Amino acid sequence: MSTKEQDSVLLTETTGPSVASMNTSPVGDGGEVISTSLALAATVVETVDAQAHSTNASHDIKESTGTQDNEGGGQEDVDNSVASAGIVADALKDVSLSDVPPPEPDVGTELPLSVSTPLPPNSAAEASTTNSAALLKDSDVLQSQGVHWAGQRSGESERTAFGPPSRGMASPVSPGSRSSSGPDIVQVSGSDDEMDQEEAFEEQQQRLFRAAEERRQQRERRAHSSISSEDIEVMRSGLSSAREHTAPSELRILNGAFPEGLRGSLYLVGPGRFEVSYNVQRELEQATRSYSFGHLMDALPLLTKISFDPTEKTIGHRSRLLAKQLSGRIQMEHGINTKVPGALYMSETNQTLLNKFIPKQAHYATPEGECCGQSIELFVPLQGSSQTVVCTNHVGALQNIDPVDLHPRAIVDFKDINGAFKGPFSCPHMQYDSNTREHFSVLQDVGFRSTTYSVVAISELQPEGYVVASFEAQASVLHSFAITQDYVIVPVYPYSVPVGGVTYRWSDSLLQTLTFDRSQPVVFYVISREYRRVQCMYQAPTFFGLHQINAVQEAATDSVSIDLITYEDDIILRQLQIKSLRQPSADFFIPSGQVRRYQLNRVALEATKFVEARGRPSLIPMAHSLVLRSEPVELARVNPIVASKPYTHLYGLGHVERLQGLTAHLTSTTMYNCIVKLNANDASAQPLVWSRKHCYPSEPVFVPRSDVEDNGYILSVFFDSMRIASCLVVLDASTFKELMIAQLPSPMPLSFGHAKFAI
């Protein structure tokens, strides 16, 4: 056999169930002829036009569904439909790869090289190689058109079907080389130049494969990250889970300029995650499901810090999700296990009854093992330091957080501070006396017959704390209380506990076991800080309140006045369900609160009567109430320099439509959409209002500039439902003029959360 015959390669086109096979058979004097079947049957060549038509139809479907690629139009899809290493050159002689734009890679992805490589003129392989367009398309498109790589059988995996051509795979066969009497044979020269061309062609094929694979992965990522209309509605509601930004960044000022002289840090806490995803894997099923919190105050918290530097005139930002370890347990347990009954306001646990018997205190002792997001306090002396940011909840937990980088240090229960602090329930809002530097709280120990309330205090001088006083009353939902120079005033709202407290002990949701009783009065317990005992009691017609505004003790009249936001019942708490806020029904509404003052007169005289009656007076005196402002507001604050002192101005949230007296909006379905300034001493004074369309602010915080009561700044973070963004707004507290708006790096959810400013 001649040398030329020995160096020749026979390419054989075959049919049958095996699309491609490589066989060796002896020829002549012991020489070998390598016969390789092609990746495509001969019928592919004869039906190119039909494939192009099919691809055009597929392109039309893509275009109608909005999934057309950005890299090319319909012509690119037609070109790609007939492109493969196994399609003969003559079928694509009118197509040039240079006419098709390359796929757009992600940053860092190498751009694919063109497969159109110039060959020397008059070369026998020129027509076969130059006119070949070997574009790779997604495996699903190739397989739908019957295109397979050599070596792939029907039913093989996607990875096999969508792979690069193997090194040494046969070159395409030209239709002109077919023979009617047998297999088509094309001889390819074995010279070094032609081998280099073949290697270059294979390398180009590999590059195209990698580019196409990256393109497919981009499509998958886009499909997974696609946002449905329902997701958009949730995002626009301001109740979608937030992102954390643990690294410090600088906020960009959109409007106005940096407020002159503003120095310090604003700390905000509120809901951060409303759902936690977990995997369900069974014998024949693997799926991703989510555990969803039901109430706004049950969601996993987000802590945000916004710092102001007047020297550099910059605004720093960082945020952190606080309950990552609790989130991990929810993923493992497919729900939440509460450490005590009533630990949730109104959320299902997705757990069985047997889980109540499993000890779990150790799990909650970790720094991020508990949900503490109902209020925030500053400089509480914990674990030997008062340089703290403390987030609280209603089940006696204090989360000690580093004020610089916001990482949680530890979870501390009140009982860990002092063994005399008894009761699993606590008031989320602590009260601070700036004169004595004491922090006060109220604990509840719920029993079958009665509930023991304990007023406790801790300070830098007494970090172990002490019990101010204890008394017995009915169980209640207590969110805040009041203090003056001499007294602590605890309002006990009328609730009934079914079955003697049994359901209270076994239920996880507080509001599902306590029922507001409109037939009973509210009782104010006045506790002496000096004598550490209950001085007297006052009662008032039934109402419910979440937030105290201020309390003032008047020595001249021997009276105490308490200002707070009041409602007819506790429906404000029950309306804060996440599902209802996201998709409000026709009968859903946010109730209107009133600014009321309750006057407790002749405290010393009533204290004498109380002692003579040994704590069981036959007649409890009435507290006189007065409506200070009829405008509905919530989350009201005053200048901190007038805390426990007579004041004039208060700042809160409201509804613009209700402030304008529009009857159609007296039962608004949206959260508060404006910041309002009211004069507490003059009901005829017109309120000052700041609002923006489709914007929903958070609790306003007053930052004083001088000793003048309304000389300062009002800070609030609002959510823009049209832009799906959150911004910080700074107002002049006196005129309510907008001074600055700066945008946060990502949206913050709407909340009943709270904020404190540290200088």
- Task: Go through (1) touching a residue at least 60 places away in the same chain (Cβ under 8 Å); (2) open to solvent by 10 Å² or more (accessible area, probe 1.4 Å); (3) part of a loop (DSSP other than H, G, I, E, B) and name the single condition Asp298 misses.
- Result: (2)
- Message: Can you find a residue that is without any contact (Cβ under 8 Å) to a residue 24 or more places away in the chain, closer than 28 Å to Ser426 by Cβ and of a type in the set (Gly, Ala, Ser) anywhere in the range 319-336?
- Response: yes
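Look through the range 592-601, keep the residues that are in a loop (DSSP other than H, G, I, E, B) and free of Cβ contacts under 8 Å to residues at least 60 places away in the same chain, and return whichever of them is least open to solvent (accessible area, probe 1.4 Å).
First, the residues of the range 592-601 that are in a loop (DSSP other than H, G, I, E, B): 592-593, 601.
In the following step, the residues that additionally are free of Cβ contacts under 8 Å to residues at least 60 places away in the same chain were identified as 593, 601.
On the way: Gly593: 4, Asn601: 56 Å².
Per the criteria, the residue is Gly593.
One line per residue, one yes/no per condition, for (1) more than 20 Å from Glu699 (Cβ to Cβ); (2) at pLDDT below 90:
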position: Leu353; (1), (2): yes, yes
position: Lys356; (1), (2): yes, yes
position: Cys371; (1), (2): no, no
position: Leu382; (1), (2): yes, no
position: Asn400; (1), (2): yes, no
position: Ala410; (1), (2): yes, no
position: Phe414; (1), (2): yes, no
position: Thr436; (1), (2): yes, no
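Quick one: which residue in Glu612, Glu606 is charged (D, E, K, R) and farther than 23 Å from Val522 by Cβ? So that I can check it myself, show each step before the final result.
Working: Glu606 fails: farther than 23 Å from Val522 by Cβ.
Testing whether each residue is charged (D, E, K, R) and farther than 23 Å from Val522 by Cβ leaves just Glu612.
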- Message: So, in the range 710-727, how many residues would count as being touching a helix residue (DSSP H, G or I) at 6+ places or on another chain (Cβ under 6 Å) and crowded, with 18+ Cβ neighbours inside 10 Å?
- Response: 1
- Please work out if Ser691 is open to solvent by less than 60 Å² (accessible area, probe 1.4 Å) and either within 27 Å of His479 (Cβ to Cβ) or under 20 Å from the mean Cα position of the chain (by Cα) (or both). yes
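Check whether at least one residue in the range 402-412 is in a strand (DSSP E or B) and of a type in the set (Lys, Arg), and report yes or no. Even if it seems obvious, please write down each step before you answer.
At the first step, the residues of the range 402-412 found to be in a strand (DSSP E or B) are 408-412.
Okay, now just the ones that are also of a type in the set (Lys, Arg), so 409.
Yes, because at least one residue in the range 402-412 is in a strand (DSSP E or B) and of a type in the set (Lys, Arg).
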- Message: Give me the residue from the range 427-444 that is crowded, with 16+ Cβ neighbours inside 10 Å and over 34 Å from the mean Cα position of the chain (by Cα) and, out of that set, nearest to Pro381 (Cα to Cα).
- Response: Glu438
- Can you work out which of the residues in the range 301-329 that are part of a strand (DSSP E or B) and of a type in the set (A, V, I, L, M, F, W, C) is farthest from Leu398 (Cα to Cα)? Ile315
- Task: Filter the range 606-654 for residues that are in contact (Cβ under 8 Å) with a residue 60 or more places away in the chain, part of a helix (DSSP H, G or I) and not basic (Lys, Arg) and give the result.
- Result: Glu606, Ala607, Phe610, Pro640, Ile641, Val642
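Could you tell me whether Glu657 is in a helix (DSSP H, G or I) and open to solvent by 30 Å² or more (accessible area, probe 1.4 Å)? First the steps, then the outcome.
Working: in a helix (DSSP H, G or I): yes; open to solvent by 30 Å² or more (accessible area, probe 1.4 Å): yes.
It is true that Glu657 is in a helix (DSSP H, G or I) and open to solvent by 30 Å² or more (accessible area, probe 1.4 Å).
Taking the range 277-287, which residues are at pLDDT 85 or above and open to solvent by 60 Å² or more (accessible area, probe 1.4 Å)?
Start the filter on the range 277-287 by keeping residues that are at pLDDT 85 or above, which leaves 277-279.
Listed by number, the list holds a single entry, Asn279.
Criterion first (of a type outside the set (Val, Ile, Thr), open to solvent by 10 Å² or more (accessible area, probe 1.4 Å) and under 41 Å from the mean Cα position of the chain (by Cα)) does Phe544 satisfy it? Full working, then the answer.
Working: of a type outside the set (Val, Ile, Thr): yes; open to solvent by 10 Å² or more (accessible area, probe 1.4 Å): no; under 41 Å from the mean Cα position of the chain (by Cα): yes.
No.
Residue under question is Ala733, and the condition is that it be surrounded by 14 or more Cβ atoms within 10 Å (Cβ to Cβ), over 22 Å from Pro591 (Cα atoms) and free of Cβ contacts under 8 Å to residues at least 12 places away in the same chain; does it hold?
Details: surrounded by 14 or more Cβ atoms within 10 Å (Cβ to Cβ): yes; over 22 Å from Pro591 (Cα atoms): yes; free of Cβ contacts under 8 Å to residues at least 12 places away in the same chain: no.
It is false that Ala733 is surrounded by 14 or more Cβ atoms within 10 Å (Cβ to Cβ), over 22 Å from Pro591 (Cα atoms) and free of Cβ contacts under 8 Å to residues at least 12 places away in the same chain.
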- Quick one: is Val676 free of Cβ contacts under 8 Å to residues at least 60 places away in the same chain, within 17 Å of Ile590 (Cβ to Cβ) and assigned to a strand (DSSP E or B)? yes
- Could you list, in sequence order, all residues of the range 203-224 that are at pLDDT below 85 and charged (D, E, K, R)? Glu213, Glu214, Arg215, Arg216, Arg219, Glu220, Arg221, Arg222
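Being at pLDDT 95 or above, hydrophobic (A, V, I, L, M, F, W, C) and over 35 Å from the mean Cα position of the chain (by Cα), is that true of even one residue in the range 648-670? Quick ask: steps written out before the conclusion?
Residues of the range 648-670 at pLDDT 95 or above: 648-653.
Checking the rest, the ones that are also hydrophobic (A, V, I, L, M, F, W, C) come to 650, 653.
Cutting the leftovers down to over 35 Å from the mean Cα position of the chain (by Cα) gives us none.
Taking every residue of the range 648-670 in turn, none turns out to be at pLDDT 95 or above, hydrophobic (A, V, I, L, M, F, W, C) and over 35 Å from the mean Cα position of the chain (by Cα).
Looking at Thr566, is it hydroxyl-bearing (Ser, Thr, Tyr) and open to solvent by less than 40 Å² (accessible area, probe 1.4 Å)?
Values: hydroxyl-bearing (Ser, Thr, Tyr): yes; open to solvent by less than 40 Å² (accessible area, probe 1.4 Å): yes.
Yes.
Could you pull out every one of the strands (runs of 3 or more DSSP E) wholly within the range 699-756 that has 3 or more residues that are within 25 Å of the chain's Cα centre (by Cα)?
Working: elements: 701-704, 712-720, 725-732, 738-743.
Those strands (runs of 3 or more DSSP E) span 712-720, 725-732, 738-743.
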- Note on the structure: Exception for Gln444 within (1) farther than 19 Å from Leu344 by Cβ; (2) not in a loop (DSSP other than H, G, I, E, B) falls at (1)
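Scan Lys324, Lys305 and give me the residue that is within 24 Å of Thr366 (Cβ to Cβ) and open to solvent by 60 Å² or more (accessible area, probe 1.4 Å). First the steps, then the outcome.
Numbers: Lys305 fails: open to solvent by 60 Å² or more (accessible area, probe 1.4 Å).
Within the list Lys324, Lys305, the selection yields Lys324.
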- Does the range 529-585 hold any residues that are in a loop (DSSP other than H, G, I, E, B) and touching a Ser or Thr at 6+ places or on another chain (Cβ under 9 Å), and which are they? Arg529, Pro541, Thr542, Phe543, Glu568, Asp569, Gln583, Pro584, Ser585
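Looking at the range 626-649, is at least one residue among the small types (Gly, Ala, Ser) and more than 27 Å from Leu688 (Cβ to Cβ)?
Quick first cut of the range 626-649, residues among the small types (Gly, Ala, Ser) only: 630, 636, 643-644.
Cutting the leftovers down to more than 27 Å from Leu688 (Cβ to Cβ) gives us none.
No, every residue in the range 626-649 fails to be among the small types (Gly, Ala, Ser) and more than 27 Å from Leu688 (Cβ to Cβ).
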- Message: Looking at the structure I just gave you, is Gln387 more than 23 Å from Leu344 (Cα to Cα) and either touching a residue at least 12 places away in the same chain (Cβ under 8 Å) or in contact with a strand residue (DSSP E or B) (Cβ under 6 Å, 6 or more places away or on another chain) (or both)?
- Response: yes
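The values are calculated or read from the model by the stated rules, or taken from the named source; none is laboratory data. Keep in mind it's a predicted model, so treat the numbers as computed, not measured. As a convention, Cβ positions derive from the backbone with ideal geometry for all residues, glycine included, and neighbour counts pool all protein chains shown. SASA here: full protein model, heavy atoms, side chains in, ligands and nucleic acids out. Shrake-Rupley method; radii C 1.70, N 1.55, O 1.52, S 1.80 Å.
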